[in-house]
Structures are given as structure tokens and as C-alpha cells.
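The values are calculated or read from the model by the stated rules, or taken from the named source; none is laboratory data. Note that this is a predicted model, so its numbers are computed, not measured. For neighbour counting, all protein chains shown are included, and Cβ atoms are generated from backbone atoms with ideal geometry for every residue, glycine included. These accessible areas exclude ligands, DNA and RNA; they are computed on the full protein's heavy atoms, side chains included. Shrake-Rupley method; radii C 1.70, N 1.55, O 1.52, S 1.80 Å.
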Amino acid sequence: VIKSQNKDQHFTDVLGLPCIENLVCSADETPEPIATTITGNIPSWIKGNFLRNGPGKFEIGRSSFNHWFDGMALMHQFHIEDGKVTYMSRFLNSDCYKENLEHNRIMVSEFGTIAMPDPCKNFFQRFLSRFELPKPSDNANVSFVQYKGDYYVSTETNFMHKIDPQTLETKEKVDWSKFVAVNGATAHPHVDPDGTTYNMGNSYTRKGAFYNIIMVPSKKVNPNDTLEGATVVCSIPSEDKSKPSYYHSFAMSENYVVFIEQPIKMDLLKIVTSKLRGKGINEGVYWDPKRNTVFHVINKHTGKLSLIKYYAKPLSTFHQINCYEENGFLIIDMCCSDDGQAINNYLIQNLKKSGNALDEVYNTVCRVFPRRFVLPLNMDSHTPCGQNLNTRLNNTATAIKTDKNKVFCTHEDLHGDDLHEFGGLEFPHINYSMCNSCPYRYFYGCGFRHLVGDSLIKMDLQGKQIKVWKHAGMYPSEPIFVSSPGAVEEDDGAILSVVITPNQDKSTFLLVLDAKTFEELGRAEVPINIPYGFHGTFQNRH
């Protein structure tokens, strides 16, 4: 487990959490669409495919994965049309999935699971194989993303797979490193209104580790194009050459990309020697609270990195909510916690615990809350040090110039005290097509009174009011906003979420809420068990 000063720190004292081990049970795929039972009313204007991704197989033969992020990717599709819903799922036909099944054991190392050398090899071959670098996995189990109009599933390595969203067939494996000099990319790209897509990926050179902002053009030149034309817009050197920061996503406004360099560090030496030491890659990821968080601001059009570095106290962030420019300020809203150890608490053995042992895991994970940072863009050598440069009204975030090109920022909480009783908020979503990179009023997320989301929350930033959907024993996935046709208001639409019921057999359902009132409109019950997933998207078929 992760090493840190505050190993025994308790952040909460929740007792009596229900066991959720069935959320990490392996599932069978359902490659042919099956009908669901509708309760209530699924609006007839919702027409398309709700696509979800996440781990769905946790054992291969007699070997098991150690970490939740390691399970083999299982893709889900809820096809919604005329108020009816069908469900289907397929395992991603990745090379590691095929290789694992063929040998009936784990052959490819994942984030928290090391593949053991083949017992059929002789001692010398087994000894040598420990010196091989762990090869990157193509088990793309994090999200569904779009590039140039095509759908891909992705994780954080250099491999993605093109998917047919109608059939969930695995079409083509695509390697980022064939197009740009990166060793991977996040599963959370951002898209400009014209379809140009931005992402981030690391590169490791003799000069150390770099974080790269990547741009993928919106249009294909040839029908079979994948990432052709992708370019690196900007390379940012890691502060510590051999220990770059881990990041899961980044923020983007109309004119800027913001990379948040957080003190969750990756010890590259430990990672490349993980096989030799018989340890998972996750053992090379650690939290270093002695370092501050740094915001790097890059101009999308020029590729220039701002000379001004914006600092904040050590924080951990996986998902940003929104980011926009207003009156010379860059507003960044994101889900943050004050401790960066959560990633290593999601070992399968922890998720399968019950009673006091389960409460102990939950109470030692730091809660995540929505926060706003305000970065002043128009600073120069005459800007005075020591005073708050955030002149926005009704806003408690601060930005204080501490040195020539340094600004230290503190946040404003984007919530009231009532969010504490729901365990904070993660998996944030907005009305992306209308509000991304613009001032906005609403966001949606999961409340975390358990190790996984156990409520859905709508936040109204005017007055920081919340609306909540929560039922005992039900664990909803991230809420996805679907705009109603011709919508003028930001919250005119529906919220889609897959609700898992680990302690009730075969009663998973797709939930549809009215985004305005947050009242349930209807649900589509699926007659099989499915595991809790990570991210998804809605493919509109109008």
C-alpha cells in the first residue's frame, strides 16, 4: 500500500456500510440486444445509444486481477428509441484479452497486477523475462471517446480501439505513438465546437519526462483515417525529470489548455523495474504532499506556455467540471481532494470487504469536493505582489502574486455544507455542447457515501443549491446529460445513469431523470447483473 506520513489518517467516521463486493464480480457478455422492462416513461425524444465502459472480468483461469482498474474491458450499449430500451454488452477484443483467454491466465501486466513469467519456460528463460519492460496493455476499459466522428474506447496507455457503436464490435487497434511522440494519452479529451480534439500524453526522453498537449484535427483526409494529422501543440518539462505527475484529465477554455501538475508522482524507475521486482505498476505511484500543485496555462493557438506559474496547495484531481475565460480571468472548476492516495485504495480486496474492514477503507479515503480556482491572465512586471488579484465580485477564491512570475491561488468551495452528508461529489458532467468553455450554471455528479457513487446530485451554482436522487442499495454511475430537441435553457433535457444493485439479483436498470426537476421519469430494468463501470457517452441518432 502507498507510503505516506498520514497512513493511519481517518477523514470520516462512517459506520455500517453495506457490502458491495458484487460490483466487482465478473460478468458474461450479452452480444445480442435484449429487451428491458420499462417502468414510468422514457421520453420519446431520446433516440440513440448510451455507451458505457468499465472492467467486467476480474479472473482469468485461476489467476485474479488485484486492482479494480485492471479488469478486462466490458462495453455496454443501451439503445433508446420510441420510449423503449434494449441492452447489449461485449468484451473488448483486445490483444491482451485474447492472449489471456488463450493461455487461461493473466499474460499482460495491468496497473495493479503483474503478469508472472510462463511456468512452462525453463529457469533461465523465466529469469530473463523478468528483465523485460512491462509492455503497455491495450485493455481500454476507461471510457468511450470520439475522434473525427469515430468512436474509440480508451485507457491511459498508447493504445485505443475503434468501436462500431451499433454492434460494439472491436474494429481496429490504434497506437498514439505511431502518430505523435507520446507514450499514451488520457481517456478524457476535450472538443472544440468545430470538432478539433485536444488531449494530453507523456513522453520520456534523455532530457527527462515531458507532458504534451496534443491536437487531433476534426476532419478525415481519407475514409480510413484514425489519428492522422495529430500534432504536439506544446511540451511541458516535468519539474522532477524522473518522477512526472500522474494526471487523469486536464482543463480547456476557448483559448487555453490548462494542465494541472499535481503531487501524485510516478517513480519511473520503480515502474520500469516492476516486473523485475514482481510488483504492480501501482506501487510506483505515490502521493508527495511536500510539493505544491502547479497550473500550467498554454495558449491553444500559439502553443506557447505562459511564463506565469500558478500554484496551489497540494491537491488531487481526477476530473474537471468546466473552464472558461471572463474579463481577464481564467475560471477553473474541478473536483478536488486534499490527499492523493485514493488511487491505491481501489484494490479488489478492498472493494470485497465487509463490516468494520469496509468502513475502515472508506474512512481512510479523502472526500472529493467541487472547487473553483480563479487565475488572473493579465499580469505584468508592474503588478504588485502580496495583494489579491481576483477582483471578481462575490467570489472568495484568491490569487496573490508572490514573485516575478508566480501566483499562489486558493479556491472557493462550489458547494454548501449539505454536500458533506452525501460524501462529496465526483464524476462531474455538464451540458457539454452548450456550456463547455463558457459561463454555466449547473453540473451533475455522483455523491460518494460509499467507495463508489451511491447518489446522483444536481448542483445549481446560483446559491449552491443541490437536488439529490438517492435510494438505499442503489449505486448510480456518472450522470450523462442529454439535451432535449431545440432546448434553450441549460438544464432542459434528461440525465442518464446506469444503476447497479449489488445486493439484489438481476435488477440493474437504466435511470432517466428530468434534468430540470431531478425527478425520475422512467427506468429500463435489465434482466442480468452487470458490474459498476467508469465512463460513458450518449450517441445521438436524431
Legend entry - Label zone at THR231 (point 7 Å along Cα-to-Cβ), backbone N below 14 Å, region 270-313: 300-304
Inset, instruction - Give the accessible surface of the chain per residue, rounded to a whole number of Å², with probe radius 1.4 Å and ligands, DNA and RNA excluded. - result: 42
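When Rg is the radius of gyration of the Cα atoms in region 21-540 and Rh is its Kirkwood radius, what does Rg/Rh come to? Can you show the working numbers first?
On the way: Rg = 22.5 Å, Rh = 23.8 Å.
Ratio of gyration radius to Kirkwood radius for region 21-540: 0.95.
Of all DSSP beta bridges located in the chain, what percent are antiparallel, nearest 5?
95
Of all the Cα-Cα pairs you can form in region 1-149, what percent are over 21 Å apart? If you can, show how the numbers build up before the last one.
Working: 6731 of 11026 pairs.
Every Cα pair in region 1-149 considered, those over 21 Å come to 61 percent.
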Inset, instruction - Compute the length gained on full extension between GLU360 and PHE123: take 0.36 nm times their separation in residues and subtract their Cα-Cα distance, giving the result in nm to one decimal. - result: 81.2 nm
Inset, instruction - Please give the calculated 222 nm ellipticity per residue for the chain, where each DSSP H segment of at least 4 residues contributes -39500 (n - 2.57) and the sum is spread over every residue; nearest 500 deg cm²/dmol? - result: -1500 deg cm²/dmol
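What's the carbon and sulfur percent of the chain's accessible surface, probe 1.4 angstrom, rounded to a whole number?
Numbers: 11390 of 22510 Å².
Heavy-atom surface of the chain belonging to carbon and sulfur, 1.4 Å probe: 51 percent.
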Legend entry - Distance between region 156-224 and region 433-499 - C-alpha centres, whole angstrom: 28
Legend entry - Rough spin-label spacing in nm, given labels placed 7 Å along Cα→Cβ, for LEU377 and HIS542: 3.1
